[in-house]
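Only one structure is covered here, and it is reproduced in the block below.
Just so it is clear, none of the values below were taken in a lab; they were calculated from the coordinates. Please read all numbers here as calculations on a predicted model, not as lab measurements. Every residue, glycine as well, gets a Cβ built from its backbone with ideal geometry; the counts of neighbours run over all protein chains shown.
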């Protein structure tokens, strides 16, 4: 079963659309857990209306400590072995949930399964497609200008058991909570990327993300999290990171191969020496 968790607070502008998009997936093995933070608008009334009609919807409404806390509450409620976070203003491509169930049937536990995500601007304008093809701790720590990281959880899914290894979402991290989760997850999970578009991320006025990105602190929030994980690296990896960031060549496949695993450099050196020996 897939447990989809939607944290929401005063989200009556989007909550009905979010609920309908999950219904329209026509997935029989799904539950939609909606965690409301005590909304003052019509959010709860809308949730109640659909929960009375749809048995796959479970929900609570109570004060929380922010988005991370709400997500952790949803995870605690989840009955499925596969988790997904669907923010109230985001949605899936058609047929994604049944596709995810198919893929997870053959994946080891715990797996972090990542696809592509459409990034939308105002007036349904597609800005670009986020394709986080190569995910490892070292690559992610180079920053998004070098290695695209998954920009929205609508395009990734993972085993619930992953939280047994890395802990819950940080309640002290309500802005870069996704990046903090990913940097912990890639260190212990089997990471699988599929070149398919699964998620849709709305980035326009009125959304939480838009407000954060318009603020002057957006870049510093992610950088703070990256620096926190960088400081935890052993010295040799810190040196490697410094060299990689300085001399990174996006179009050099050999360098990308090394970044995936620094030990690969010995394979490249060995091949080079073999060719030199063959010529002598």
Item to check | Residues listed by number, the stretch 59-86, amide nitrogen under 14 Å from residue 168 label point at 7 Å toward C-beta | outcome: 63-78
Next on the checklist: Based only on Cα atoms, what mean projected area does the convex hull of the stretch 13-146 have, in nm²?
Outcome noted: 10.2
Checklist outcome for this item: The Cα radius of gyration of the stretch 2-230, divided by 2.2 N^0.38 Å with N its residue count, comes to 0.95
Next on the checklist: Give me the extension gain from residue 129 to residue 41: residue separation times 0.36 nm, minus the current Cα-Cα distance, reported in nm with one decimal.
Outcome noted: 28.4 nm
Item to check | Peptides ranked, highest mean first, by Cβ atoms within 10 Å: ranges 135-144, 118-127 | outcome: 135-144, 118-127
Checklist outcome for this item: Placing each pseudo-label 7 Å from Cα in the direction of the beta carbon, residue 195 and residue 52 end up separated by a distance in nanometres of 4.9
Checklist entry - For residue 63 and residue 204 in one chain, what is 0.36 nm times their gap in residues minus the Cα-Cα distance, to one decimal in nm? => result 48.1 nm
